1. Give the residues of region 55-80 that are basic (Lys, Arg) and in contact with a helix residue (DSSP H, G or I) (Cβ under 9 Å, 6 or more places away or on another chain), sorted by residue number.
2. Suppose the filter is touching a Ser or Thr at 6+ places or on another chain (Cβ under 9 Å), in a helix (DSSP H, G or I), at pLDDT 95 or above and within 30 Å of Leu155 (Cα to Cα); does Ser9 pass it?
3. Looking at Ala112, Ala152, Ala96, can you tell me which residue is within 25 Å of Asp44 (Cα to Cα) and within 24 Å of the chain's Cα centre (by Cα)?
4. Quick one: which of Leu297, Leu282, Leu302 is in contact with a Gly (Cβ under 9 Å, 6 or more places away or on another chain), modelled with pLDDT under 90 and either among the acidic types (Asp, Glu) or within 28 Å of Gly173 (Cα to Cα) (or both)?
5. Can you tell me which residue is nearest to Glu270 (Cα to Cα) among those in region 212-240 that are in contact (Cβ under 8 Å) with a residue 24 or more places away in the chain and assigned to a loop (DSSP other than H, G, I, E, B)?
6. Of everything in region 35-73 that's in a loop (DSSP other than H, G, I, E, B) and free of Cβ contacts under 8 Å to residues at least 24 places away in the same chain, which residue is nearest to the chain's Cα centre (by Cα)?
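The values are calculated or read from the model by the stated rules, or taken from the named source; none is laboratory data. In this text the structure is predicted, and so the values were computed from the model without any measurement. For neighbour counting, all protein chains shown are included, and Cβ atoms are generated from backbone atoms with ideal geometry for every residue, glycine included.
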Amino acid sequence: MLSPEVARSIDRIAKAHGYDPAALKAVVEVESAGKVFANVKGRDEPLIRYEGHYFYKLVHPMMRDKAVREGLASPKAGGVKNPSNQAARWDLLERAAALDKQAAYESASWGAGQVMGSHWKKLGYSSVVDMVETARSGIEGQVELMVRFIKAFNLSGALLRKDWAGFARGYNGPAYKTNAYDTKMKAAYERYAKGTSPITFNPSAGMLRLGSKGQGVREVQVLLTRAGFPTAVDGDFGTGTDTALRRFQGANSLTADGVAGPETMRKLKEFQASPEEKPGALPVSQVPEVKDAAKSLAPLALVTAARDQIAEMAAYVTGINTETANTVANSMLAVSGAIGTGLAIYAIYGWWKSKRTVEQA
């Protein structure tokens, strides 16, 4: 829970930027766990997290070996452990800064929003030192830094419509559900908005956005690439797809909101080869589970010899019909030649899963 003083500061900044104060307070609370300062050498400092693998990449090459020897840099993420207390983290940062100040500051996340120093240029600061001074100026500086990140990474729309899953996907990355960032933000928002008619986001069917997954997302990615706005075709609607979609929308006089709604899809489908084409469909041989099973080649049972059993069990596990299961089994046989029943069911499940589109709730 944020202190009244911190909450009032966030209220002022939220209103200045056109955000719902309750929503911005929810984000600050979850990202900071309610703590925005640490007393270090008698001064209130923003919380930091030092990333030694960043420093390994960013430090001047002539200083890299020394940084590794002194335990300040590592080629592996997590190779330099963060001390549990902030005073020790600041000491670690200061030691790194003695070798290369800019690289050290770029290798730490700063303040309530945990914003990496390496983003300073994208966020509009004149230097990483300028960004750090803003974070150290007080809670308003920390929140201002967070707001710049939200705007620079096109997350304002998700925050305004209270799309917590989409916001967390963009802010915290693809593993956001591991720490339940979206549900925590939603709960915090509802608490702060109590008595003010909190807004509930209800995603519409087919409205693909940050955090959506599956065949529908692959279709968007394929069509964006054909349209000249390339992005990875992986079925995961991440920040790269969001950026490409916004660019496409802007170039076609559509609302650049990063949401693949009806108007955007109509425009994208102009790049479909034919009305019958399914550009988001994943070939059976490319489904990860099928590829994994094909690599096994263990001398178990041929797919053909166990087809009835495979189809029956796969239909039970996945809910698909036996005819479809047999079709996939045939494709798998062509890929690998020999495969076990258990691996076959695993592969069929992967194919079935690849055809689904999961929209954020």
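1. If the condition is that a residue be basic (Lys, Arg) and in contact with a helix residue (DSSP H, G or I) (Cβ under 9 Å, 6 or more places away or on another chain), then Lys57, Arg64, Lys66, Lys76 are the ones that fit.
2. No: the conditions fail for Ser9.
3. Only one candidate qualifies: Ala112.
4. From the options Leu297, Leu282, Leu302, the qualifying one is Leu282.
5. Ala227
6. That would be Lys35.
Results for (1) closer than 29 Å to Gly173 by Cβ; (2) not hydroxyl-bearing (Ser, Thr, Tyr), shown as yes or no for each residue.
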residue: Ala232; (1), (2): yes, yes
residue: Thr239; (1), (2): yes, no
residue: Arg247; (1), (2): yes, yes
residue: Arg266; (1), (2): no, yes
residue: Lys269; (1), (2): no, yes
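Residue-by-condition table, conditions (1) among the acidic types (Asp, Glu); (2) modelled with pLDDT of 95 or more; (3) in contact with a helix residue (DSSP H, G or I) (Cβ under 6 Å, 6 or more places away or on another chain); (4) surrounded by fewer than 16 Cβ atoms within 10 Å (Cβ to Cβ):
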| site | (1), (2), (3), (4) |
| --- | --- |
| Phe167 | no, yes, yes, no |
| Tyr171 | no, yes, no, no |
| Tyr181 | no, yes, yes, no |
| Lys184 | no, yes, yes, no |
| Tyr189 | no, yes, yes, no |
| Lys194 | no, no, no, yes |
| Ile199 | no, no, no, yes |
| Pro203 | no, no, no, no |
